[in-house]
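A short reminder: the numbers here are calculations on the coordinates, not readings from a lab. The structure presented is a predicted model; accordingly, all values stated were derived computationally and were not measured. Every residue, glycine among them, receives a Cβ derived from its backbone with ideal geometry; neighbour counts consider all protein chains shown.
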Amino acid sequence: MKIDAHQHFWNYDPINFSWINDEMAAIRKNFLPEDLKPILEKNGFDGSILIQVNQDKTENDIFLKFAEENEFIKGMVGWIDLKASNVETRLTHYAQYPKMKGFRHIAQSEPDDFLMDQSFIDAVAKFPNHNFTYDILIVERQLKAALHFVRQLPNNKLIIDHIAKPNIKEKSVTRWSNYMQAISKHENVYVKVSGMVSEADVKNWRKEDFAIYLDHILDFFGPERTVYGSDWPVCLVAGTYEDQLGIIQDYFSRLSKTEQAQIFGLNAAKFYGV
């Protein structure tokens with residue numbers, strides 16, 4: 001099974017999507033299941049994992065409806081307020097939906113030490129009781145906090161989105177790689193090779209720009225804990241779906257067919273339980 005483990009849908013409006021700046025004008029429009037399905041089929045994917053966009057519980061209901069109506073959506077990652085007093089109640093509620101696989105918080109927009117908040121960690125520690133995963137969305141400067149976070153959660157299924165968003169445009173590597181290596185020692189942590197083109201020079205990137213980052217990811221996490229995701233439609237600010245996919249396919253073409261199958265679907269199926 002081939003799975004794109006990171007994609008989004010939305011009905012665009014300028015308030016909820018104010019993060020889409022002028023340089024990202026290409027994605028200032030609606031993106032819905034009927035837009036993605038033919039792209040996945042064209043590129044040989046059997047399905048996808050739908051990831052939250054806005055920190056709004058009503059989005060969960062919309063996305064669950066999409067998942068119920070579209071067989072290709074194999075699972076979804078939603079959002080709940082993990083600092084609220086009713087966390088356990090909300091987790092129990094969402095556990096009744098088979099396609100709800102986990103949750104994510106937009107930590108990249110929070111203070112650098114956000115993932116060190118003990119109340120937040122305590123809430124995520126409840127996830128294994130409901131078989132939920134947690135997607136870690138951070139930028140490079142938050143890796144110290146992320147390392148603390150994963151150290152506190154050895155029983156959780158954790159995955160780092162977008163290889164933790166190193167500044168690829170500025171070729172930032174050393175600090176990022178040191179922390180990613182330390183995080184990779186925790187075998188319950190996976191990583192998504194996704195979202196990289198939007199961290200590069202979106203108008204002038206070359207495939208070679210990503211090689212050093214992929215070298216480190218493969219060395220640290222191996223083909224057993226590396227997961228492909230497109231980050232569609234955000235990836236469209238830097239090229240087509242096929243452009244970003246080509247980077248990953250070309251790089252991992254050196255691996256065995258078995259290892260490639262892990263990265264392009266089997267690992268996602270295992271992690272998210274699909």
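Here are a few things to note about the model shown:
- When the chymotrypsin sites (Phe, Trp or Tyr not before Pro) in the range 1-47 are filtered for DSSP coil states and for at most 14 other beta-carbon atoms within 10 Å of their beta-carbon, the remaining sites are TYR12, TRP19.
- Student exercise, the range 109-163 dipole from Lys, Arg, Asp, Glu Cβ charges, in Debye to nearest 20: 240 debye
- 14 Å reach of a label modelled at LYS203, 7 Å along Cα-to-Cβ, counting backbone N of the range 219-245: 238-239
- Inter-part distance where the range 56-71 and the range 16-53 are each reduced to a Cα centre, Å: 15 Å
- Inter-label distance for LYS169 and SER119, nm, one decimal - labels placed 7 Å from Cα along Cα-to-Cβ: 3.5 nm
- In the range 172-251, the trypsin sites (Lys or Arg not before Pro) that fall in loop regions by DSSP, at most 11 other Cβ within 10 Å: LYS185, LYS203, ARG206
- Using a Förster distance of 22 Å, the FRET efficiency for MET1-GLU187 (Cβ separation, nearest 0.05): 0.45
- Here the Debye sum runs over all C-alpha atoms of the range 3-272 as equal scatterers in vacuum, and log10 of I(q)/I(0) at q = 0.15 Å⁻¹ comes out as -1.15.
- Filtered GluC sites (Glu not before Pro), the range 203-274: DSSP coil and at most 14 other beta carbons within 10 Å: GLU224
- Length-normalised contact order for the range 3-272 - Cα pairs under 8 Å, 6+ apart - percent: 19 percent
- Fully extended contour minus Cα-Cα distance, from GLU71 to ALA84, at 0.36 nm per residue: 1.4 nm
- Added length on full extension, which subtracts the Cα-Cα distance from 0.36 nm per residue, ASN43 to ILE15: 6.8 nm
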